[in-house]
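Okay, structure first, notes after.
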Amino acid sequence: MTLPKFIVTLDGTFRLGMVNQHKHLLKRGDQCIGGGYYHFDFVSNRILLDRESYDFGRPKWHLLETLKVPSTYRAKGSKFAFYL
C-alpha cells in the first residue's frame, strides 16, 4: 500500500512521494540518513513531517548543514513543521 513518505539523504536532499517503502525514494548513490511520513496542511501552508521510517529510522538532522528542498515545495510563505 502506498503511503506519503519522505527521506533525507546525507547530501541534504529532501525527497517525498507516495511509495510502498522508504527505500523506493532512493536514487543510485544516495545515502539515506532517515525518513518518515508527511502530510500537507493547506490551511497553514505547511508540510508536516511525522514519525520515522521503518527502513532508515528517524532523520539524523544534526548531520546536515543545509536541507535541499525541491522547488515545487518552496512556495512563498511555505514552512516545514517537524513532529518527530
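The table below lists the values:
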{"read-out": "Residue satisfying all of: in region 27-82; modelled with pLDDT under 85, exposed (fewer than 10 other Cβ atoms within 10 Å of the Cβ) and not hydrophobic (A, V, I, L, M, F, W, C); nearest to THR13 (Cα to Cα) among these", "value": "SER71"}
{"read-out": "Condition check for MET1: over 11 Å from the mean Cα position of the chain (by Cα) and either surrounded by 13 or more Cβ atoms within 10 Å (Cβ to Cβ) or at pLDDT 95 or above (or both)", "value": "no"}
{"read-out": "Neighbours by Cβ (under 6 Å, 6+ apart or cross-chain): first from region 62-84, under 11 Å from ARG46 (Cβ atoms); second open to solvent by less than 100 Å² (accessible area, probe 1.4 Å) and modelled with pLDDT of 65 or more", "value": "GLY77/ASN45; SER78/ASN45; LYS79/ARG46; PHE80/ILE47; ALA81/ARG46; ALA81/LEU48; PHE82/LEU49; TYR83/ASP50"}
{"read-out": "Any hit, region 12-24, residues being assigned to a loop (DSSP other than H, G, I, E, B), among the small types (Gly, Ala, Ser), within 19 Å of SER71 (Cα to Cα) and touching a residue at least 40 places away in the same chain (Cβ under 8 Å)", "value": "yes"}
{"read-out": "Enumeration of residues in region 25-58 that are outside any loop (DSSP other than H, G, I, E, B), touching a residue at least 40 places away in the same chain (Cβ under 8 Å) and farther than 15 Å from THR2 by Cα", "value": "ASP41, LEU49"}
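The values are calculated or read from the model by the stated rules, or taken from the named source; none is laboratory data. Worth saying up front: this structure is predicted, and the values here are computed from it rather than measured. Reconstructed Cβ throughout: ideal geometry from the backbone, glycine too, with neighbour counts over all protein chains shown. Heavy atoms of the whole protein, side chains included, go into the accessibility calculation; ligands, DNA and RNA do not. Shrake-Rupley method; radii C 1.70, N 1.55, O 1.52, S 1.80 Å.
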